[in-house]
Every structure is written in structure tokens, then in C-alpha cells.
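For reference, the structure discussed in these notes is given below.
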Amino acid sequence: MSVSGGDLTGCSVLIYDLEGNHLSDTIVTDFDKNSVRIEVEEMPAALGQGTECMMLIMMSPTPFEFHGRVIKEGTKTAIALFKGHEKESRGATRYRVDHTATIEYLVCNSRAYPLHTPLEVSVMNISKSGVRFKTPFYAMTDGDRFQIRLKISGGEKQLIADVTNHTDVQTDKSEYGCRFLIGK
């Protein structure tokens, strides 16, 4: 399994049980690349020895998805990482979240242009390939590219995405499905 060649230490991680229930937002405090396991700042109480979980680790340029199993080594508790099986036909498991994010820049030809008034959005779910959020009013159209700043435990993560679909759920509310872009 590849971890994109990087160190996961310091990355924010969203932890879920196998049914997709959100357990914790925490930070990777140690990463052992040889045994492919992580230690986290705050292990969810619901995860005991041998329990499996799903994680979305906020790496650059896009989040990375892992499945894991809790292991105990002496006094330390860690999560051994392994590649999970996709549970959705769409190709990437969606993880429910209840976070806010801010869109401050539109992106065109690899240049970021600041919005006069940043747009605060409510993130509904996130996957390794994209994000779905809602806004209190109609704000974007399909194909718009932007930089989104997610606020998660351990700090903030900025990602480039573009709108792939939108739905006006009420006259004053819209939902947007967006995909993360790598190197664009």
C-alpha cells in the first residue's frame, strides 16, 4: 500500500465505524511507515482491541482513505492501516460530517482570485475524491473551480475543487457536489 510517499504525522484524520458513523476528528501523532500503522492524539472510546474502522486522512493534494484495525503493542494503542473495500458503487465512500468550510477564492487558469465576501458553507459529506456542501443561497454553477478551506481538528486544510452538480433544495438553499482536483 502506498501512502503517496509522505509522512502522515501531524495530519488531521476523520475516524468512522464500519457503518459510517462519525467517531472522532483527531490528529496523527506518530506514523510507522514500515508496519503501516498510526497513533492518534485521541483514540475513540468505541474502538477497542481488534475493532475495525474507516478513516479519511487529510493529506495534500487530496484526502486519502484507509481502513484500519486497532492493535495494542505493550502500553501503546495504534491503528494498523490497510486498503479497504469500497462500499458504494460511486467509487469512493462518502463520510458524513458536520463541519463548516469557507470558500475564499475562485480559481481560473491556475490563479486564485479572492471573493469580495468569503462564502461560508456547511459540509454534508466528504470522500477521498470530493465534497458535498450546502449554502444558504445560490452561489455557484457547474464547472466553477474554487479553493475550499476545511476546518478540522488539528487545523485547516485547503483543497482545490470544482462543482460537478448542484441542486436547489429551496429557493434560498443549494447543495453542491464537487470533485477535488490534483495539480490543476
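A short reminder: the numbers here are calculations on the coordinates, not readings from a lab. Fair warning: this is a prediction, and the values are worked out from it, not measured in the lab.
Using a Gaussian network for the chain with springs between C-alpha atoms less than 10 Å apart, which of these wobbles most: Val123, Val131, Val107?
Of Val123, Val131, Val107, the Gaussian network model singles out Val107 as fluctuating most.
Once the Cα gyration tensor of segment 95-180 is found, what semi-axes does its equivalent ellipsoid get, as square roots of 5 times the eigenvalues, in whole Å, sorted largest first?
For segment 95-180, the ellipsoid semi-axes come out as 17, 17, 13 Å.
In the structure shown, do any of Lys33/Lys134; Lys72/Lys151; Lys128/Lys151 have a Cα-Cα gap over 28 Å, and if so which?
Over 28 Å apart, Cα to Cα: Lys33/Lys134; Lys72/Lys151.
Taking Cα atoms of the chain, Rg/Rh with Kirkwood Rh, to two decimals?
My calculation puts Rg/Rh at 1.00.
Return a whole-number percent for the relative contact order of the chain, with Cα pairs under 8 Å and 6 or more residues apart as the contact set.
After rounding, I find 17 percent.
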